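I have placed the structure first, in the form of structure tokens, so that the comments after it can refer back to it.
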Amino acid sequence: MAVILTFAEERGGKVRRPALEVVSEARRLADALGGSVASVVVGSGVGALATELGSYGADRVHVFDDPALAAYATEAYARIVSQVVTETRPAAVLLPFTAVGKDLAPRVAARIGAGLASDCVALSVREGRLEARRPMYAGKAYATVRWEGEPQMATLRANVFPLGAPEPGRPVEVVAGSADSSARARVTATRATTAGKIELTEAQVIVSGGRGLKGPEHFHLVQELGEAFGAAVGASRAVVDAGWVDHQMQVGQTGKTVSPTLYIACGISGAIQHLAGMSSSKIIVAINKDADAPIFKVADYGIVGDAFEVLPKLTEAARAYFAGKG
Amino acid sequence: MAEREVIETDVLIVGGGPAGLAAAIRFKDLLAEHNKNAAWKLEAGVMVVEKAAEFGAHSLSGAVLDPISLKELLPDFVEKGAPVATAVTEDHVYLLTNGGRLGLPFVPPPLQNHGNYVVSLNQLVRWLASQAEARGIDAMAGFPGAEVLYDGDRVVGVRTGDKGIDKHGNRKANFEPGVDLRAKVTILAEGARGSLTKSLVGRLRLDVGRIPQAYSIGLKELWEVPKGRLSKGAVLHTMGFPLDNRTFGGGFIYGFTEDRISIGLVVGLDYRDPFLDPHGLFQRFKEHPMVRRLLEGGKMLRYGARAISEGGWYSIPRPYADGVLLVGEAAGYLNAMRLKGIHLAIKTGILAAETALDAIVAGDTSAATLAAFEDKVLGSYVKDELWRVRNFHQGFKHGLWAGLLHSGVQMVTGGRGLVDPLVPSKGYAETETLADYYGPGQTRDDFRRKKMDGALTFDRVTDVYHSGTKHDEDQPAHLHVADTNVCETRCREDYGNPCEKFCPAAVYEMVPKAGDPKDLRLQINFSNCVHCKTCDVMDPYQIITWVTPEGGGGPRYDDL
């Protein structure tokens, strides 16, 4: 029976949402293959996470619980995941395409000699094997790839695969794993630079500001709109280059690639370089004074107007709406 | 201060284009020959450093290749898989008017291409790089030559660029100091307006007695079109539209494969109009009915631009000094009339390799011994060809018709023409002020950029995207402007900031200052830079110096 193994990335005592999306997708694929879903979770004090993983579709969870594994460390984690793969011989191994996933997946793939398709945006089953769809050339083209050999490894882009409805109390088998947790490199401290801010690449709603805001003193209009929506705040390269905001907020070909449910572009012209980073957003709203701005070609809703007028009005309307919802 | 690593080699080649790679390959082959018969086997290392992340990534050209020197370098180049699948099948020259065209009833001999190939220089360089690697040459991509190393006036090598410096000049976590590469012979093969070549020629005054180098800018797009639009191997050259009679240049359209067309425009960098926008002219070129018919419904795949050395024989500096040789377009070995330089790059690379090996065997790499390079060039078809077209570009100083007349006379007089040498082009100094060209009262606000349709014509930023250009944005700008005050005041008044117009990649932008929006300041979007060097050539005050950015950054000219 085919097993699809997933890596359940944990942070702060919870499974990260992208990892749950991976489990949901694994469940869907396993059902199509007539197989089962296994997950591996690594960390310290993570035993309780098996239940949540089970509720999203995992049939079996391999738990590696060890204080020495509290912080993510490449070598030990790669060794452990590889060990699970060797022991359970899954048909496929899926990880989220997060910072950890990007670090871990290639190393596991290299150790076990598996092919790895990264940043996949769709998976399907064909003749008993998987097929993946992944973007190439900053989203200008999409490739459909199939694997040779076993297992078929992939990392899945965050915010693209739907999260299944959890079934609380769904039965799940927990297997306590033991492994060599030693590593030649040890994490001594973790310093979060954007403490409290919503991670751009995982946000469901993003409000971004561009050059149309004229100066750093006006960027607060974007931030206020973001707050009203409970959104993450992004920026175009122009304003990052000009020093208004940090590079961490840059969306685009040379910044972050995001695919939120809602992307609001304020004063952004929509050069291809920016579109490359957000064109897979589900709904795009654009606010720009220039009716010919290329952003309107990709926007679902466009407001041709002065950002200085539109943004405060939009912010007020958003606040009223969300307040009314209670 | 971090200790710089020092790596010693025998031959160091800066620039992994056709000249540099030909030199590397030839050197190794000659060395193997030498060692077959020598009593003492000589071991000599060859290193090629190239700023692009991959060999070929920064190489582009029209291009129609005369295989004469490739055959010398690698006689079995076809069997070895050289990318020469497209033989030239037909040659046409047209004079384009606003809506029509006049086909020349005959193609002038220098523009006849029977026996030549339509190639992608990017593909050719990639293939040459594989040939070099097979010979054990240290082909180091991602390493820019940042600085020439001297011992007095002798060149002893090149320092590569530092890695990991942030935009404020501080070291980042991944800081690595550049390496000092020391060699017995350094060969500069940087292509047109090489940054090291420029400073070396200036410092050692290798251009004394020469006319200044002249340049053009070449812009190119690769298009995918329905099969049958243009025959594979068809070579079309145009004059006239969209250039006026006083602006040097012309268009090219080549049937590269059955469904791919290489198309471009060359514009002389000695035009008079300070508002001239070469990229805009290239986009207009495509709107001509003849051109539009070829491209309509097709898809633009890739874009690129590069300066071209046009000065000809009289502008080539002394190509040798203690410890150093200059080859290819960096020295100016390009036939502007035939529009061909690749074969001369390869040939001068070959001759440099011969010279370098002789010098190393003799244990003497001083200028006196390396001078043999110039003798070899003088005794080869490089001289024969370039001598015959020595006044070509200069003939166009007074316009298209004068140029064609001069060129015609030059063709039947072995290059002497009506006057030999003709008055050289003044290059950037030909640019007239706004007042002189347009009349008093003209300001930079009168500039209108052509509107692009996004299907046949594209704005610069979109084209830059299709050049695959990327740079780490957290690094100092690699375009050094000596005094931006000039930009804000004198240049704005006198010329209207032509850098905003001549850069084919939208690197330079005058933007409103934070305090008073009527004041403008220069913004340098360096990460758009496609390394064409046009700004280094053209700025009216000569205060822009292009230097190498962090290695690996720049365009990706796949198939260009």
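Only the coordinates and a few stated rules stand behind these numbers; no lab work does. Not measured: the values here are computed from a predicted model. Glycine gets a Cβ as well: all are built from the backbone with ideal geometry, and neighbour counts include every protein chain shown.
Divide by every residue of the protein assembly as shown the summed helix terms, -39500 (n - 2.57) for each DSSP H run of at least 4, and state the resulting mean residue ellipticity at 222 nm, rounded to the nearest 500 deg cm²/dmol.
Numbers: 25 runs with 240 residues, N = 886.
Here the helix-only value at 222 nm equals -8000 deg cm²/dmol.
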Inter-label distance for residue A:75 and residue A:261, nm, one decimal - labels placed 7 Å from Cα along Cα-to-Cβ: 4.3 nm
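Note down the Stokes-Einstein diffusion coefficient of region B:235-393 in µm²/s, whole number, using a Kirkwood radius over alpha carbon pairs, 4 °C, and 1.567 mPa s.
72 µm²/s
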Relative contact order in percent for chain A (Cα pairs under 8 Å, 6+ apart) equals 14 percent
Relative contact order, percent, of region A:200-325 when contacts are C-alpha pairs under 8 Å separated by at least 6 residues? 26 percent
Under the Karplus relation 6.51 cos²θ - 1.76 cosθ + 1.60, θ = phi - 60°, what is the ordered set of whole-Hz ³J(HN,Hα) values for region B:199-206, x standing for Gly and Pro? 6, 5, 4, x, 5, 9, 6, 6
Quick one: which residues, 5+ away or cross-chain, put their amide H under 5 Å from the amide H of residue A:122? H built at 1.01 Å from N. A:133
Environment charge at residue B:558 (Cβ cut-off 14 Å; Lys +1, Arg +1, Asp -1, Glu -1): +3
Just to verify a number: FRET efficiency for residue B:168 and residue B:413, C-beta to C-beta distance, R0 = 56 Å, to 0.05? 0.45
As an exercise, use a Förster radius of 45 Å and the Cβ-Cβ distance of residue A:146 and residue A:297 to find the FRET efficiency, rounded to the nearest 0.05. 0.85
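Let me spell out the model: positive unit charges on the Cβ of Lys and Arg, negative unit charges on the Cβ of Asp and Glu, origin at the Cα centre of region B:269-316. What dipole size does that give, in debye rounded to 20? Could the numbers behind the result be given before it?
Numbers: 8 positive and 6 negative charges, 66 e Å.
In debye, rounded to 20, region B:269-316 gives about 320.
If you take the Cα atoms of the protein assembly as shown, find Rg, then find the Kirkwood Rh from the mean of 1/r over all pairs, what is Rg/Rh?
Values: Rg = 30.3 Å, Rh = 30.1 Å.
Value, to two decimals: 1.00.
For peptide A:266-275, compute the average count of partner chain beta-carbon atoms within 10 Å of each residue's beta-carbon. Spell out each step's value before the answer.
On the way: counts 0, 0, 0, 2, 0, 7, 9, 8, 1, 1.
Going residue by residue through A:266-275 and averaging, the value is 3.
Roughly how crowded by other chains is peptide B:464-474, in terms of the mean Cβ count from those chains within 10 Å of each of its Cβ atoms? Present the calculation step by step, with values, prior to reporting the outcome.
On the way: counts 3, 9, 3, 0, 2, 2, 4, 1, 1, 7, 2.
Neighbouring Cβ atoms belonging to other protein chains average 3 per residue here.
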Rough spin-label spacing in nm, given labels placed 7 Å along Cα→Cβ, for residue A:323 and residue A:129: 5.9 nm
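If packing is taken as the average count of other Cβ atoms within 10 Å, what order do A:8-17, B:243-252, B:13-22 fall into, highest mean first? Write out the running numbers ahead of the final one.
Values: A:8-17: 17.4, B:243-252: 20.7, B:13-22: 32.9.
Highest mean packing first, the order is B:13-22, B:243-252, A:8-17.
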Pair residue B:420, residue A:187: separation of 7 Å Cα→Cβ label points (nm): 7.6 nm
Starting at the first residue of region A:309-316, write each ³J(HN,Hα) from the Karplus equation 6.51 cos²θ - 1.76 cosθ + 1.60 with θ = phi - 60°, in whole Hz, x for Gly and Pro. 8, 6, 4, x, 5, 5, 4, 4
Hydrodynamic calc, chain B: Kirkwood Rh from Cα pairs, then Stokes-Einstein at 37 °C with viscosity 0.692 mPa s, so D in µm² s⁻¹ is 137 µm²/s
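Given the convex hull over the Cα atoms of region B:249-304, what projected area results after averaging over all orientations, in nm²?
Values: hull surface 17.5 nm².
The directionally averaged projection comes out at 4.4 nm².
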Built amide H within the under 5 Å cut-off of residue A:61, gap 5+: A:39, A:173, A:174, A:175
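From the C-alpha gyration tensor of region A:3-176, pull out the three semi-axes of the equivalent ellipsoid (sqrt of 5λ each), sorted largest to smallest, in whole Å.
Numbers: eigenvalues 106, 64, 48 Å².
One finds semi-axes of 23, 18, 15 Å for region A:3-176.
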So what does log10 I(q)/I(0) come out to for region A:200-325 at q = 0.21, 0.22 Å⁻¹, using the Debye formula with one equal point on every Cα and no solvent? -1.21, -1.34
Sequence-distant residues sharing a close amide H with residue A:36 (under 5 Å, placed H): A:2, A:3, A:4
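List the pairs from B:28/B:383; A:214/B:299; B:232/B:347; A:102/A:289; B:71/B:470 whose alpha-carbon separation is above 32 Å, in the order I gave them. If you can, show how the numbers build up before the last one.
On the way: B:28/B:383 25 Å; A:214/B:299 35 Å; B:232/B:347 27 Å; A:102/A:289 39 Å; B:71/B:470 35 Å.
Pairs exceeding the cut-off: A:214/B:299; A:102/A:289; B:71/B:470.
Please tell me the relative contact order of chain B in percent, rounded to the nearest whole number, where contacts are Cα pairs under 8 Å and at least six residues apart. Mind showing how you got there, number by number?
Numbers: 1348 pairs, mean separation 110.3, N = 560.
Averaging sequence separation for qualifying contacts and normalising by length gives 20 percent for chain B.
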May I ask you to evaluate 6.51 cos²θ - 1.76 cosθ + 1.60, the Karplus curve with θ = phi - 60°, for each residue of region A:173-187 and list the ³J(HN,Hα) values in order in whole Hz, giving x for glycine and proline? 8, 9, 10, 7, x, 10, 8, 5, 9, 6, 8, 7, 10, 10, 6
Average beta carbon contacts from partner chains per residue of B:520-530, 10 Å cutoff: 1
